[in-house]
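Laboratory data are not the source of any read-out in this text; all were calculated from the coordinates shown. Being a predicted model, the structure only gives us computed values, none of them experimental. Heads up, the Cβs are rebuilt from the backbone with ideal geometry, glycines too, and the neighbour counts pull from every protein chain shown.
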Amino acid sequence: MTMKPRHDFTPCVPGALSGGLSRTEFFDGMVLSEADMKREQSYWQMKRRLTNRALGQGVVWGLTLHWDERSRCFTLCPGYGLSCCGDDLVVECPETVCERDLIDPCSEEFRRLFVDPKNPCADPCEVRPDAPVEACLMLEYVECPEDPRQVFEDPCAELPKGCRFGAVRETTRLRLVPPPPAPPPGPMERFCARIAEIREQLAKAAEASGDAPPPEPLFAGTGPQARITAAPLDANDLATAAYAEPLPAEVGATATITMLGDSSDEVKFTLEPMPGFFFTSFTQDGFDQPVGQILMGFATTASAESLTNGVGIDAVAVIAPLFGTGPSLRVTYRIEAARGDATTITAEVLAVEELPERRDCVSVLEEGLFLDTDPACQVRTMLMAVLCGWFRGQLGTAPCAEGEEEVDPARAAIAWAICWLAWRLVWELDATTDAGKAAEDCLRKLFQEWCAGMHYKGPRCEHNLHGIVLGCVKVHPNGRIECFDEWARRRHVLTGPLLSHWGAQFGLAPLDVAASRLARWICCVAATPAAQMPQLPGEAAALFSFGNGGFLAGQELAAGATLGQATVNSVRPATPLDMIGRVIDLIAGPERMPLSAAPGVDLFTLQGGGLQLAVPRGAPAGLRERAANREAIRVLLAREMAEAPPMARPAMESVLDEVAGTLTAGMLRAPTDSPLFGHMVRAIEAHEADIPSLRALIAMDPERAVDLVRPELRAEDGFTDEAVADKAMGLVYGAAVKTLRDGAGAILEQARAREDDEAFVRADLEEAATVSALRTALNPNLQGRGLTLANIRAIAARAAKRG
């Protein structure tokens, strides 16, 4: 009689994939073997390691490493970390590991530190460089067998047949290992390399044909260089113009500045580093210049006599980068200046010496924040990807779309034009050439690699070891540790507590605390009842002011009604979008008169909303005052305005208004030797808040102005009679009027000098002839040397831009 099996032993579920973890399936009466128990342990170990690998590798907390130079020992503090294989790295107590415990100069493991990573098959016995090399301090996962026990395989045997370990302790140890290999190049690095090859081929082709090499792409880095600048000085030692030429740090490089038709007695010329660099030392004709005076450039002034005879300067400067890494250069210059028909300044680079690169903290930061790629190329690549990717994306069909729609030819033309322009601006490549088409293929491949790279394929171990790096050391071939950097190549597992701890160092609230505060606000808003239109008694209306306007709720007002003391000039419907725009304009727009003082308002009604937006009419007091001042000047110069051509009148009014706003009473020259003028000027200056300029003085009216300053004049001798004060104000006021009328006469002459078919307009105020004529007319009425050319140019420029 045959017995049927109690279970159907199907080997696997249909369609199940191969692989996976296997666990022991226990049942009553099962005979357990060593393999069964180890299978169970292995199952839970792999489960834990898979979870750990998903978290990342590095320090979770603690594991600080201190180096004692005197004892030549490391102190490893307690902590917890995860290896790339998912092993738990636990240090329970502080441990001390000395240099002699880490390094055995006679061991092959130590000699492996000096093997070239590019040639791992080299004989370590033959590789013994004199310079120290970098090595990593790795906290490695190890297993230590423990608890040896006797083995009784035969229950009848009297003597054991051997011993085996009954336990395994999971622990760690410190080791010196070579630095991990550099990661393979990413998509952007490969793209930059391909474009560099295309540009190199273009450069070779241009060299072979004798053409100019292709221009440098956007953001191409420049080495240390300087520039020569020159400026002629006017009688007030102020620069009336400026000229600049770059001077690369290359032997034989020259820069020449030629100033034609300049009548300045002196010329100031400067040798200064380009932005991003500075001078660390500067020697002129064998004499060292103070460091504080030459950091941003060396300047000297040449007189007319020295320029006629010729000026020659020999200088040696050390140019260093202001931020980041890069070589410092010692550059020898020869600067010559001479004056003949023109003033010419020439600078030449005679010698260039590259100094040893100095490592600083900024260079250390640069290593930690960026991959080993060219930052400028990364910026160019992202710019190209954004521009071309966006417009090309509008030509494609979205995945799972129903059918493919035809591409709009106009849209395709725009996309091509944008991409063509981007290639020219960013990479100086023409997309219509063969090189440009190859570059287009590179960009398409970049997007394909990005698409494939968006799939995360799991953690990658930098070493073939089970551990994490806790810092790096410099090791000499004699086995001595020269320096230790605990942050070099150190990695962390980014957990919430760690991020909160780092944020707290810079005053940031933990993310969960910030989220809790945001949640309190959200829940508070959620518990607040919806806003409703307030029910106001009778015909009343409520005005909620904000910014330069307000919302009117309740009664809807019509045109002609009153809102406070203001009259409603108009009522217009507004869409929600239009209402939002007007609200933003009231809050952040130009200055307006407050609702409480406005003579009139415009109301905008939100359709269906029951709200009206009140926008005040009228300029604020400050704007009204400026308009009144300008009107006073217009009345004062009514005769000159009437004689001026129609297009010249707005220009004349604007420039004289700017002149009146720039000049003060203290800048006026006394028309007579009478002391009354000076006393009155001092009295006016004591009221600077009320009379800050000639514009305010003219707008105030002379009689009102003299009444304002009488208290200050009573303490002066000779001002006991009010008529004397009136006479003194008349002198000052007359000098102000004469100054503006002389300026108006200069503009009038410039306008009359034009041909009938060439009108004088506002833009002509900035012409050199107009600026010179205005300066010639104004300065005889002013103290000292009057306004400089730079002052007049600034006044004319402001007037030319005014509407």
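Miscellaneous remarks
- Sequence of Tyr43, Tyr456 once ranked by neighbouring C-beta atoms within 10 Å, starting from the fewest: Tyr456, Tyr43
- Phi-based couplings in Hz for the range 182-188 (Karplus 6.51, -1.76, 1.60; Gly and Pro marked x): 5, x, x, x, x, x, 5
- Between Glu95 and Glu482, the simple label model (points 7 Å from Cα in the Cβ direction) yields a spacing of 2.8 nm.
- A cut-off of 5 Å between modelled amide H atoms, ignoring neighbours fewer than 5 places along the same chain, links Leu611 with Leu606.
- Ordered by the count of other Cβ atoms within 10 Å of each Cβ, fewest first, Asp285, Asp441 give Asp285, Asp441.
- Spin-label model, Leu55 to Glu348: label points 7 Å out along the Cα-to-beta-carbon direction sit 7.0 nm apart.
- Straightening the chain between Leu21 and Gln201 buys 59.4 nm, computed as 0.36 nm per residue apart minus the Cα-Cα spacing.
- Pair Glu305, Val635: separation of 7 Å Cα→Cβ label points (nm): 5.7
- Long-range amide H partners of Ser281 with built H, under 5 Å: Val318
- Residues Ser500, Ser693, sorted so that the one with the fewest Cβ neighbours within 10 Å comes first: Ser500, Ser693
- Taking amide H as placed 1.01 Å from N in the peptide plane, the amide H of Leu355 sits under 5 Å from that of Ser328, Leu329, Arg330, each at least 5 places away or on another chain.
- Vicinal HN-Hα couplings computed from phi for the range 197-214 (Karplus, 6.51 cos²θ - 1.76 cosθ + 1.60; Hz; Gly/Pro x): 5, 5, 5, 5, 5, 5, 5, 5, 5, 5, 5, 5, 8, x, 7, 6, x, x
- Electrostatic bookkeeping for Pro187 treats Lys and Arg as +1 and Asp and Glu as -1; over the other residues with beta carbon under 13 Å from its beta carbon, the sum is +2.
- The overall shape of the range 418-523, judged from the alpha-carbon gyration tensor, is oblate: a/c is not under 1.5, and a/b is no greater than b/c.
- From the alpha carbon centroid of the range 426-491 to that of the range 42-75 is 23 Å.
- Phi angles of the range 106-113 translate, via the Karplus equation with coefficients 6.51, -1.76, 1.60 and θ = phi - 60°, into HN-Hα couplings of 8, 7, 5, 4, 5, 5, 5, 5 Hz per residue; Gly and Pro are given as x.
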